[in-house]
Amino acid sequence: MSRLPPPLPRNPETQSLHRRDVTVQIQLPLMIALIGALTVLAFVFGATPAGRSVWADVSLILLIVIGLGLSIAPLALIVGFLVGLWYVIRYLPGYAKIAQDFMRRVAGRTAEYSDRVTRPVIATHSAGAAVGGALGLGTGTSENSIDE
């Protein structure tokens, strides 16, 4: 059996910062939510049925139905988005490879045609520079020359 290496010593400063963040970001909101839930439960189960009427119960049921009806549309959108994302993740790598190969061909053809278009211009400039160099033109005759 292989022995695991001993754990590395922890930085006390970052460990205390992490503990503070856990308290503020996880434990405190959970405590507030628990207190809120217990308060709501106390109101719901602590209410006396003598103060309620049948119409109040019917109204509450209708309000709940309206709330559920309004929450169905976003839920359906989220489920549809997740299903679409699942299909995209399932089939995208093959199509991404096809698109990558196509773009590689487009880049190659673009480079090929741009070379064809610029070749005469570059050849003309190169020939002019060769003739100018052979005749001694264009070397050090610029007004911006720093060889003076």
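The values are calculated or read from the model by the stated rules, or taken from the named source; none is laboratory data. Source: prediction; values computed, not measured. Because the Cβ atoms are built from the backbone with ideal geometry, glycine has one as well, and the counts that use them run over all protein chains shown.
Quick notes
- Among residues that are more than 30 Å from VAL44 (Cβ to Cβ), at pLDDT below 90, of a type in the set (Val, Ile, Thr) and surrounded by 10 or more Cβ atoms within 10 Å (Cβ to Cβ), VAL106 is not included.
- Inside region 1-24, residues that are assigned to a helix (DSSP H, G or I) and loosely packed, with under 10 Cβ neighbours inside 10 Å make up a count of 3.
- Criterion (modelled with pLDDT of 85 or more and surrounded by 10 or more Cβ atoms within 10 Å (Cβ to Cβ)) met by exactly one of GLY80, GLY138, GLY69: GLY80
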